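**Q** Please see the structure below; I have some questions.
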Amino acid sequence: MQQRTGFWGGLWATRRLLLALAIAAVLTWREWVEHHLPEIAVVAVMHFAFVMLVIALLVSTAQWFSRSDRKASKRPEVAA
């Protein structure tokens with residue numbers, strides 16, 4: 001697999017963080033009308049933390065399933 005370098009490599013390396021920022025921004029933008037400036041900062045941080053948690057759970061779940069698939073395929077067949 002080819003190594004990504006430069007600007008596009010940096011974007012690829014930070015894709016989960018950028019995705020979390022984008023989703024948190026959309027969630028915060030939808031609540032902008034209901035809150036004043038000091039409150040919206042707290043809401044934005046809460047949205048960002050929640051989205052990062054969801055992404056972390058999805059990634060760890062995918063890694064867990066990936067590991068269990070590899071372990072199942074590495075098990076030796078037992079002759080009966």
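**Q** Could you calculate the FRET efficiency of residue 60 with residue 17 from 1/(1 + (r/R0)^6), where r is the beta carbon distance between them and R0 is 22 Å, rounded to 0.05?
**A** According to the calculation, E is roughly 0.85.
**Q** Right, something else. For the range 16-72, take the convex hull of the Cα atoms, compute a quarter of its surface area, and give me that in nm², please.
**A** About 4.1 nm², averaged over all directions.
**Q** Okay, moving on. If the chain between residue 46 and residue 30 were fully stretched, how many nm would it gain, using 0.36 nm times the residue separation less the Cα-Cα distance? Mind showing how you got there, number by number?
**A** On the way: separation 16, 0.36 × 16 = 5.76 nm, distance 1.40 nm.
Using 0.36 nm per residue and subtracting the Cα-Cα distance, I get 4.4 nm.
**Q** For residue 5 and residue 53, what does the FRET efficiency come to when R0 = 22 Å and r is the distance between their Cβ atoms, rounded to the nearest 0.05?
**A** On the way: r = 31 Å, r/R0 = 1.40.
Result of the calculation: an efficiency of 0.10.
Here, each number is a calculation from the coordinates, and none is a lab measurement. Only a predicted model underlies this, so the values are computations on that prediction, with no experimental measurement involved. Cβ atoms come from the backbone with ideal geometry, glycine included; neighbour counts cover every protein chain shown.
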